[in-house]
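Worksheet for the structure shown next.
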C-alpha cells in the first residue's frame, strides 16, 4: 500500500514537468510553423514575380503584351516630314488593317517615323557641359537646313525583331554630307557616341511575340511582299538630336530653342 502511494506521489510530482514540456513543445511547433509559413509564402511571392517578369519581357524594350518598357537614350536622326501627307501614310494604313500582324507586332506611330544616323549614350540625363556641346552641334545642323528626300525601296522583316522600310538617299547625301557630320561628331563629342549607322531604314513595327508556326510566318511575309508601291519618295525634316523614353517616342532635346 505504501509503495502505491509513493508511485502516485512521484507521478503527481512529475505532472507539472510534463505539462511544461508539452507547452514548450507546442510553442516550438507553432513558432516553427509560423516561420516556415512566412518563408514559403514570400519565397512563392518572389518566385511568382520573378517568373512573371521573365515571361513578360519579350526583349529589353517591349513585353509580350506589346507594352513598351521605359528606356532613356539619345539619337541623332532625321524624321519623316508630315508623314500623313506623304505616300508613306498609305503604307502605315496598309499595315494597320492587318489584325493578325498586330498580334505579333506593335506598329510605330507614323508621326515617329525616322532614320537614325548615330546612336548616343544611354543615360537618364546629360550634364551641363554635354548639353552645351550638343546644343552647338544642333545650331550647326539647323544652319545647314538638311531637309532632304530619300527613296523607300523595300520592306524587310528582321525575324524576332522588327519590320523595316529600307531606304536610299539621293545625290550623295551620305558620302558628301552625312559622313562629314559624323566625322565632326567624332571630333567634338566622341565620349557620347555609341555607334554610327552604316545602313539606313525606317522602322515600321517592333515584334513583341514569337510567330508560332510557319503558316503564320508565311502570311506575314506575304503581307509585306504584297505592298507593291515601291520605290517611292519620302521627304525628311532637318537632322535633330533627340531623346527617347521608349522605342517609338522621340523628342528633340532643343525643341524650345527653335521656337
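The values are calculated or read from the model by the stated rules, or taken from the named source; none is laboratory data. These numbers come from a predicted model, not from an experiment. Glycine also receives a Cβ, built like all others from the backbone with ideal geometry; neighbour counts cover every protein chain displayed.
State yes or no: is residue 76 surrounded by 10 or more Cβ atoms within 10 Å (Cβ to Cβ) and either assigned to a helix (DSSP H, G or I) or modelled with pLDDT under 95 (or both)? It is false that residue 76 is surrounded by 10 or more Cβ atoms within 10 Å (Cβ to Cβ) and either assigned to a helix (DSSP H, G or I) or modelled with pLDDT under 95 (or both). Taking the conditions (1) touching a helix residue (DSSP H, G or I) at 6+ places or on another chain (Cβ under 9 Å); (2) buried (at least 19 other Cβ atoms within 10 Å of the Cβ) in turn, residue 96 satisfies each one other than (2). In the set 214, 145, only one residue is on the phi > 0 side of the Ramachandran plot and in the same structural domain as residue 126 (by TED's automatic domain parsing); that residue is 145.
For (1) under 18 Å from the mean Cα position of the chain (by Cα); (2) modelled with pLDDT of 95 or more; (3) farther than 25 Å from residue 196 by Cβ, each residue gets a yes or a no:
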| site | (1), (2), (3) |
| --- | --- |
| 63 | yes, no, yes |
| 80 | no, yes, no |
| 88 | no, yes, no |
| 113 | yes, yes, no |
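Scanning segment 119-137 for residues that are surrounded by 13 or more Cβ atoms within 10 Å (Cβ to Cβ) and touching a strand residue (DSSP E or B) at 6+ places or on another chain (Cβ under 8 Å), we see that the one that is modelled with the lowest pLDDT is 123.
Taken as a whole, the condition of being over 28 Å from residue 68 (Cβ atoms) and crowded, with 18+ Cβ neighbours inside 10 Å does not apply to residue 200.
For segment 208-237, enumerate the residues that are at pLDDT 95 or above and under 30 Å from residue 125 (Cα atoms). Correct list: 236, 237. The conditions of being farther than 21 Å from residue 107 by Cβ, modelled with pLDDT under 95 and either surrounded by 15 or more Cβ atoms within 10 Å (Cβ to Cβ) or not assigned by TED's automatic domain parsing to the domain that holds residue 98 (or both) are met by residue 243.
Looking at residue 32, is it surrounded by 10 or more Cβ atoms within 10 Å (Cβ to Cβ) and at pLDDT 90 or above? The answer is no for residue 32.
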